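Following: one structure in structure tokens, then a few remarks.
The values are calculated or read from the model by the stated rules, or taken from the named source; none is laboratory data. Here the structure is a predicted model, which means the values were calculated and not measured. No Cβ is skipped: glycine too gets one built from the backbone with ideal geometry, and neighbour counts run over all protein chains shown. Heads up: the accessible areas ignore ligands, DNA and RNA and are worked out on the full protein's heavy atoms, side chains in. Shrake-Rupley method; radii C 1.70, N 1.55, O 1.52, S 1.80 Å.
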Amino acid sequence: MKQLEKTHDPGVERQIYQRWQDQNYFHAKVDKARKPYTIMMPPPNITGVLHVGHALNNIIQDILIRFKRMQGFNVLWLPGTDHASISTEAKIVAKMAVEGVTKADIGREGFLERAWAWRDEFGGTIVEQLRLLGLSCDWRRERFTLDEGLSNAVLETFIRYYNKGLIYRGEKLINWCPHCKTTISDAEVEHEDKDGYMYYFKYPIESGGFIEFATTRPETMLGDTAIAVHPEDERYTHLVGQMAKIPVVDRQIPIIADIYVEKDFGTGVVKITPAHDPNDYEVGERHNLAKINIMADDGTINANGGKYAGLTREECRERIIEDFKTLGLFVKTQNIRHAVGAHDRCHTVMEPLIKLQWFVTMKDLARPALDAYINGKVRFTPARMGKVYAHWLENIRDWCISRQLWWGHRIPAYYCQECGHINVAITKPGQCSKCGCADLRQDEDVLDTWFSSALWPFSTLGWPEKTEELEYFYPTNTLVTASEIIFFWVVRMVFSGIELMGEAPFSDVIINGTVRDDLGRKMEKSLGNGVDPIKVIEQYGADALRLMMITGNALDSDTRFIWPRLEVARNFLNKIWNAARFVMMHMDVDVPTLDITPQKLTVADKWILSLLAKTCANVTERIEAFDLVMAAQITYDFLWDYFCDWYIEMVKPRLYNKEHDKDNDTRMSALWTLNTVLTAGLKLLHPFVPFITEEIYTTLHENEETIMFAPWPTFDYRFEEEEQLAARFIEAVKGIRNSRLQNGIAPSQKLNVALAADKTLSDFFAEQNKSFNMMAGVGTFSIVDASDAQPDISAKDTATTVVISGGVLHISLDAVDVEKEKKRLEKEKSKITNEIERCRSRLSNEGFISKAPENLIADERAKLAKYEEMLVKVNEQSARL
RNA sequence: GGGAGCAUAGCUCAGUUGGGAGAGCGCAUGCCUUACAAGCAUGAUGUCACAGGUUCGAGCCCUGUUGUUCCCACCA
């Protein structure tokens with residue numbers, strides 16, 4: 001039989017991956033005879049390389065997809081990348097700036113050329129990163145949000161929405177990023193608490209006197225078109241209807257009453273700037289106020305700002321304060337801490353502006369998406385994330401989808417230069433559908449990236465064509481993503497899927513936590529604390545990285561990336577490697593052809609098989625509940641603690657004994673059991689650590705090409721009695737080891753042990769005689785009659801006992817220290833007495849007896865009996881000393 | 001302002017329906033035992049944040065407090 005190398009080399013991972021791909025194992029074909037299982041891979045954006053946080057997200061998906069594949073599902077996991085218009089365009093512009101080139105210099109065509117080059121570079125790097133992680137996604141179906149098919153889907157969607165009245169063009173207050181010079185959606189605005197100032201000013205009133213108000217943004221007064229007070233604010237009611245003057249621009253504005261104003265805040269007076277504040281916009285609508293836009297696209301003051309035109313927001317603010325001071329209309333400054341909206345990509349303070357933009361009407365789209373959640377068609381893990389999703393949908397506002405950028409899907413709207421009619425079509429129409437004029441000009445803007453991402457579940461499968469892939473794989477099953485993506489992507493995929501496909505695009509959404517650095521900080525490019533998975537893989541291998549990411553932390557909470565934990569994972573892989581090596585080096589027969597009936601199995605064999613069966617069932621259950629952490633933990637514990645530390649040690653004597661090779665049944669059954677457990681263990685591990693399991697599995701089973709399609713293990717072994725017996729064996733070995741250390745007996749010192757127990761237990765220990773001696777360091781082992789309370793060990797000077805459930809081990813040797821032993825027994829006695837006391841008090845508690853469940857009470861009684869028995873034995877023991 | 005999570009060993013974290021507190025790392029001690037020193041064995045360490053409550057019984061359920069993290073949000 002082929003043997004494994006002495007040490008495991010993670011360097012072979014690349015070759016294994018290459019082989020998988022050459023064999024086309026990842027490719028999913030439509031096969032109506034089999035059940036599909038599909039995972040939606042969130043396409044990473046191409047702004048840069050991935051960090052280990054992305055790795056975690058993909059590892060989770062790969063574990064699920066490998067698990068389902070082994071369960072016999074026809075799995076599809078479609079990879080791809082996302083063009084991320086704002087971020088990518090910003091990066092390219094920044095790169096161009098270094099060369100001294102601007103967008104205007106090279107024009108739209110030239111810019112897009114550069115953008116595609118960027119995509120090829122980073123898209124390639126990302127794909128390479130994903131491969132090194134061992135992800136089994138279908139590279140043949142790899143997609144990019146800007147490739148032809150997906151672009152068609154985007155245009156088709158735009159047109160359908162437009163024709164249905166779900167998309168409109170309108171002049172509304174939008175979020176403007178002065179740095180990126182584009183609109184952004186509400187979801188892209190993040191609120192940060194910042195220290196700032198509240199400025200108090202006075203405007204003169206036409207009838208004389210002044211009205212005092214507060215603002216955090218004095219520069220916006222250039223666009224003020226009213227001053228508002230609360231209708232019931234007695235301080236000001238007499239002023240309502242009068243005119244106030246904005247001194248610096250010499251404009252008269254009315255004093256109005258609106259319930260939006262809070263009497264108790266500030267001076268109870270609010271300046272109203274409809275063009276630059278969402279609240280003021282509403283007030284302006286109610287009172288028919290003019291909207292004066294004072295801001296240019298780069299955030300400087302425009303011509304409406306009169307003498308302040310051309311200044312930046314900050315400069316203008318300073319100048320206005322100065323001017324008010326000069327006029328004697330400045331009152332005071334107050335330190336405050338308040339929330340400011342900033343662009344989530346560049347952190348520039350966002351500016352609300354009124355602009356003509358394209359919007360998606362959300363009201364009718366949101367409802368079914370919310371219903372899908374309420375009806376349980378879309379479930380969240382952890383469940384609480386569903387509330388986040390629902391809350392967003394309940395409060396959703398229209399979605400601004402136009403972006404003043406070039407990198408993206410250009411809006412398929414063609415404006416007639418003659419009559420102004422908007423022609424919406426996939427390709428440029430020859431003439432205006434209204435007036436027949438041929439002079440049409442396409443909208444310059446592109447669509448929000450998420451508009452295309454929202455279609456991903458079906459656009460990647462060929463929609464709007466009715467492909468068989470779409471028919472077979474849609475709707476998909478599972479989406480694994482980060483919580484901050486719920487608004488951007490999850491919500492939008494659901495309503496798009498329902499609107500265009502008639503069905504939600506997936507049924508389970510799993511939210512994984514954020515991976516932080518070892519200090520608990522978010523991994524951010526600006527901090528430079530992101531960990532590149534490739535660095536980790538070079539050092540420890542992808543398997544170690546994968547195992548490390550999945551263990552030791554709840555996946556739905558934030559986790560820290562702690563390097564030493566990689567060693568824990570690597571050590572486990574090494575352990576499995578060596579265990580496999582051990583098994584294989586004894587396999588000198590063709591194990592699968594062995595005829596092993598249950599009668600030929602020993603107690604130890606049945607014990608480990610019984611545990612194996614339970615482990616398989618537990619692991620399956622856990623993965624199906626998306627609890628990958630526990631699934632990995634259970635497998636880890638079973639293989640290391642039970643299989644390696646106990647079972648392998650227990651069977652060693654049987655393996656070493658080759659005397660009667662042909663009819664040495666216990667040796668054959670040991671080999672058979674080792675093979676069975678190891679094979680199943682590898683399968684359980686495969687979703688987590690695909691490479692090492694592939695390597696061991698294909699070495700162990702020379703006829704098998706791969707473990708990837710090996711059937712997921714399930715067993716119906718149930719050997720309760722054997723489990724009990726083995727538990728006592730463990731108890732005995734541990735007891736003796738413990739006693740040895742406590743008594744200061746050297747490990748090399750062999751012990752004489754006599755077991756007094758019932759027949760079943762005695763028989764088992766007889767069967768395990770050799771391994772017991774080996775593991776506990778026993779020289780001579782004998783079995784004495786259980787009824788013989790004081791076996792004849794008087795030949796020895798001193799003796800001690802180890803009590804196990806159902807039996808006693810009498811240990812003797814020449815060198816036990818009598819005083820020490822007395823002390824130990826005293827300690828033991830007080831411990832037992834305490835336990836007995838506790839059991840008795842509990843059993844005499846009426847509340848417990850009347851209300852506690854039956855089995856608990858029975859347990860308590862059994863414990864009491866056991867401890868009482870132990871006490872007797874200990875007393876006998878000390879009497880003998 | 002609204003909502004959610006977290007607080008358990010020196011560190012990083014598990015603990016599914018309430019029924020005697022766990023793992024890994026680290027630490028201590030002893031072992032190169034013919035798969036593995038990246039290993040084996042044994043051990044020590046906890047007012048389960050604090051204060052109440054429900055219960056025969058609370059790390060777990062309820063109320064409040066403190067600390068901490070995150071999400072949402074248009075108080076000028």
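Would you work out what percent of the accessible area of chain A, with all protein chains in place, is carbon or sulfur (probe 1.4 Å)? Of the solvent-accessible surface of chain A, carbon and sulfur hold 48 percent. With the simple spin-label model, which puts each label point 7 Å out from Cα in the Cβ direction, the A:R286 to A:K831 separation comes to 7.6 nm. Taking the Cα centroid of region A:253-324 and of region A:132-172, what is the distance between the two, rounded to the nearest whole Å? Rounded to whole Å, the Cα centres lie 39 Å apart. Measuring only protein heavy atoms, the 1.4 Å probe finds A:H179 accessible over about 110 Å². Prolate is the label for chain A, because a/c, from the alpha-carbon gyration tensor with a ≥ b ≥ c as root eigenvalues, is 1.5 or above and a/b exceeds b/c. Region A:439-470 and region A:735-763 have their alpha-carbon centroids 74 Å apart.
Judged by the ratio a/c of the largest to the smallest principal axis of the C-alpha gyration tensor, region A:543-631 counts as oblate, that ratio being 1.5 or greater while a/b is no larger than b/c. Please list, by residue number, everything in region A:385-408 whose backbone N is under 14 Å from a paramagnetic label point 7 Å out along Cα→Cβ of A:T361. Taking a point 7 Å out along Cα→Cβ of A:T361, the residues of region A:385-408 whose backbone N falls under 14 Å are A:398-399.
Counting lysine pairs in region A:627-775 that sit 8 or more residues apart in sequence, or on different chains, and whose Cα atoms lie under 21 Å apart gives 10.
Applying the Karplus relation 6.51 cos²θ - 1.76 cosθ + 1.60 with θ = phi - 60° to region A:322-334 yields 3J(HN,Hα) values of 4, 4, 5, 4, 4, 7, x, 10, 8, 9, 6, 10, 9 Hz, where x marks Gly and Pro.
Karplus-derived 3J(HN,Hα) values for region A:274-291, using 6.51 cos²θ - 1.76 cosθ + 1.60 with θ = phi - 60°, are x, 7, 9, 7, x, 5, 4, 4, 4, 4, x, 5, 5, 10, 6, 8, 6, 10 Hz; glycine and proline are entered as x. Remark: accessible surface ordering of A:Y415, A:Y162 (largest first) is A:Y162, A:Y415, probe radius 1.4 Å. Quick one: Cα centre-to-centre distance for region A:488-526 and region A:1-41, in angstrom? What the calculation gives is 27 Å, centre to centre. Where a ≥ b ≥ c are the square roots of the eigenvalues of the C-alpha gyration tensor, would you call region A:408-492 rounded, which needs a/c under 1.5, or, failing that, prolate if a/b is larger than b/c, or oblate? In terms of gyration-tensor shape, oblate. Straight-line cross-link reach from A:K2 at under 18 Å between alpha-carbon atoms covers these aspartates and glutamates, not counting any fewer than eight positions away in the same chain: A:D588, A:D590, A:E694, A:E695, A:E702, A:E704, A:E705.
Scalar couplings 3J(HN,Hα) for region A:484-493, obtained by applying the Karplus form with A = 6.51, B = -1.76, C = 1.60 to θ = phi - 60°, are 5, 8, 4, 6, 4, 10, 4, 4, 6, 5 Hz; x denotes Gly and Pro.
Of A:K827/A:K873; A:K194/A:K355; A:K831/A:K863; A:K181/A:K355, which ones are farther than 21 Å apart at the Cα?
Beyond 21 Å between Cα atoms: A:K194/A:K355.
Site pair A:A383 and A:E704 shows an inter-label distance of 3.8 nm when each label is modelled 7 Å from Cα along Cα→Cβ. Peptide packing: for A:422-432, A:668-678, A:180-190, the average count of neighbouring Cβ atoms within 10 Å per residue gives the ranking A:668-678, A:180-190, A:422-432, highest mean first. Peptides A:45-54, A:869-878, A:498-507, A:516-525, ordered by how many other C-beta atoms sit within 10 Å of their residues on average, highest first, read A:45-54, A:498-507, A:869-878, A:516-525. Listed by chain and number, the lysines placed with their C-alpha closer than 16 angstrom to that of A:K263 are A:K271; residues fewer than eight positions away on the same chain are left out.
Each of the peptides A:530-536, A:449-455 was scored by the mean count of other Cβ atoms within 10 Å over its residues; in descending order, highest first, they stand as A:449-455, A:530-536. Look at the dipole of chain A built from charges on Cβ: of A:N743, A:S433, A:G107, the Cα furthest out on the positive end belongs to A:N743. Other residues whose C-beta falls under 14 angstrom from the C-beta of A:I562 contribute a net charge of +1, scoring Lys and Arg +1 and Asp and Glu -1. Considering only A:V589, A:F715, A:I648, the residue lying farthest towards the positive end of the dipole of region A:580-733 is A:I648, judged by Cα position with unit charges set on Cβ. Here the label points at A:T467 and A:Q23, each 7 Å from Cα along the C-beta direction, are separated by 2.6 nm in the simple model. Subtracting the Cα-Cα distance of A:V568 and A:D193 from 0.36 nm times their residue separation leaves 131.0 nm of extension gain. The orientation-averaged projected area of the convex hull spanned by the Cα atoms of region A:461-570 comes to 9.1 nm². Full extension of the segment from A:T780 to A:H338, taken as 0.36 nm per residue of separation minus the current Cα-Cα distance, would add 151.1 nm. Given A:H810, A:Q357, A:W77, which one lies farthest toward the positive end of the charge dipole of chain A, if we put +1 on the Cβ of every Lys and Arg and -1 on the Cβ of every Asp and Glu? Final value for the positive-end residue is A:H810.
For chain A, the relative contact order works out to 12 percent when only alpha carbon pairs closer than 8 Å and six or more residues apart are counted.
For region A:300-314, backbone nitrogen atoms closer than 14 Å to the point 7 Å from A:D250 Cα along Cα-to-C-beta are found at A:306-308. Each DSSP beta bridge with both residues in chain A is either parallel or antiparallel, and the antiparallel ones are about 70%.
Once the 1.4 Å probe is applied to the protein heavy atoms, chain A comes out at 44 Å² accessible per residue.
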